[in-house]
Amino acid sequence: MSAEKFIAPVAEFRPGDIPYGKGLLLDLALIPGKLTATLMRQLVAVFGKPTTAEKAAQLSKIGGVLGLGVNSFLAWLFNRGWFRRLVGETGSEALAVGMVMAAIDKLYPTLTVSAQDTDLSDAVSNKAVDKLMAAIGKGGAVGSPELGSPELSSQLSGFPETQSSAFAPEESYAGPELGSPDLGSPEAEDPVQELENILAQKSQS
Amino acid sequence: MLPRVTPIVETADWAASKTKSINVRLTGYVTQIDVAVDLSVTAATSTATTTTDDPYKAMSALKFTASNAHDWISFTDGRQAYWLSYIKSQGNATVGSLPSAGSSGTVTLQFSVHPGNYFGKTDDLTRVIPLAGKTNVQFQVTWGAASAIGTGYTITDASLSIVVHRMILKEGESEADAFAPAKYMLVPRYIPVTYSIDGTYSNYTFIKNIPTGAYIRDVFLMVVDSSDVRSNSDVTKIQVSDNKGNTPVKWDSWTKLVNFIRSRFYLPSAPAGIGLLQFRDIEGKDYGLDMTAASEGDWKLEMSTGASGGKIYCIYEGADMVNINPTVVG
């Protein structure tokens, strides 16, 4: 039982000698091809654990090349006798061509990706992004010394508009909760600083 | 008020690994103590390589205190006293040379302890130690072992003497008059703390709380490696942070801090391992940080370390605000 008798009529659908049928078949065949190429890229990204944009770009290239290899293998597989018998000559050829087309289509952008324009959220799965964000949140080493500093951790907790809530107001440094209600007020109203001024004045006189 | 410079006749003489005291039976308000030490040292034919401050290892602790009082002055290593005085006196603390191998000699050490804000002024009232009503006022020294200076050097004798600089009330003058219009005085309290470096920490993760309960003006730091030699590489970075993650004082290089201290205090050299963080840099207050009602961890020292096994000897220069007693009259 071959699928040829269903697929061949589709492929031969050429109204006005325009190959709509073959176009449709190839388009459908592109779907699994793109799926496997994307899947390879995602798998490499997840298992490669990118923690920097540079590494993510590198993993993207590896994923692209692997995708080409896997799709080529599948294309070869789809042209084997047993598969041809199963889906028919037209179907197997369309699938093989779709695989190769998808691999080539995906290869160029993955090979030319650079660290500068790597969007980590796109290159890795959401789970990996979550882990990466958690690592940054803990102040761990994530490639850039600044990322480990408390300031950046604080910034990550909010958008620029909300940073006023992430950072304490200036007057709260060692502030009112430390028992001196006048801290943050003009210097003359700080009784301890006032005392320092008086004692300094007496020492200098 | 009138200034007085009073040498104390009593001396604290050598007794290996023992604490000896000089009784200070004086009145007034102590502003500075000059300390002089004569060490008799014998050097064997083979001696260890020494650094400038090694003779100060003869003193393992120094303290100025009284019954029922905080330690006004306190050091847990003689070298702290030398280097703190070195910083404040623009490098003019004294340390004699050790005798050469196979000979004996006297090594003279001399430094000043001045808790006030103006080191050059002995009538500096910004930090004073009131002696009225205090009992057992003593300057104490804990001598180290006879071999404390280093291999091949033996301390055979030593003597420590002090000169007390103070302000006294004129006849009939009350404490309230003398300090008017101030209603309080600031009494120094040195808080010595030693942190053992137990590993290599990056990104300022070696974290220590700044002590609470006083106004903390600054912290003096002496970093030594696992061989007890001052080092610039055992602490590599340091910052002061509050409990909200703000870091108003940050040094991304310990060496930069050491060199900065040299320029800020006009020092002739930048001694390795010696640092000073002035908390005036945080809020612009002369008294530094108000930690009187703070909780542990409100302010922290956060450091990166480059090696394990060393120590950080800290002296937090704090002060307590004490009521003026109008009944004290000269």
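Read the figures in this text as sums done on the coordinates, not as results from a lab. In this text, all values refer to a predicted model and were calculated from it rather than measured experimentally. All Cβ positions, glycine included, derive from the backbone under ideal geometry; neighbour counts span all protein chains shown.
Data table
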{"quantity": "Pair list, Cβ < 7 Å and 6+ apart or interchain, from the stretch A:86-101 residues that are within 14 Å of A:Leu74 (Cα to Cα) to residues that are among the hydroxyl-bearing types (Ser, Thr, Tyr) and in a helix (DSSP H, G or I)", "calculated": "A:Val100/A:Ser72"}
{"quantity": "Residues located in the stretch B:6-38, provided they are farther than 24 Å from A:Ser203 by Cα and not aliphatic (A, V, I, L, M)", "calculated": "B:Glu10, B:Thr11, B:Asp13, B:Trp14, B:Ser17, B:Lys18, B:Thr19, B:Lys20, B:Ser21, B:Asn23, B:Arg25, B:Asp38"}
{"quantity": "Condition met for B:Thr194 (of a type outside the set (Lys, Arg) and within 14 Å of chain A (Cβ to nearest Cβ))", "calculated": "no"}
{"quantity": "Residue satisfying condition, being small (Gly, Ala, Ser) and at the interface with chain A (Cβ under 9 Å from one of its Cβ atoms), within set B:Ala307, B:Ala293, B:Ala272", "calculated": "B:Ala293"}
{"quantity": "Residue satisfying all of: in the stretch B:304-330; within 27 Å of B:Lys244 (Cα to Cα) and over 21 Å from the mean Cα position of the chain (by Cα); surrounded by the most Cβ atoms within 10 Å (Cβ to Cβ) among these", "calculated": "B:Thr305"}
{"quantity": "Tabulated pairs, the stretch B:72-84, first without any contact (Cβ under 8 Å) to a residue 40 or more places away in the chain and within 14 Å of B:Gly273 (Cα to Cα), second hydrophobic (A, V, I, L, M, F, W, C) and surrounded by fewer than 24 Cβ atoms within 10 Å (Cβ to Cβ), C-beta under 9 angstrom, 6+ apart or interchain", "calculated": "B:Tyr82/B:Ala93; B:Tyr82/B:Val95; B:Tyr82/B:Leu109"}
{"quantity": "The stretch B:197-217: number of residues that are within 14 Å of chain A (Cβ to nearest Cβ) and surrounded by fewer than 21 Cβ atoms within 10 Å (Cβ to Cβ)", "calculated": "10"}
{"quantity": "The one condition in (1) closer than 30 Å to B:Pro181 by Cβ; (2) in contact with a strand residue (DSSP E or B) (Cβ under 8 Å, 6 or more places away or on another chain); (3) outside any strand (DSSP E or B) that B:Met321 fails to fulfil", "calculated": "(3)"}
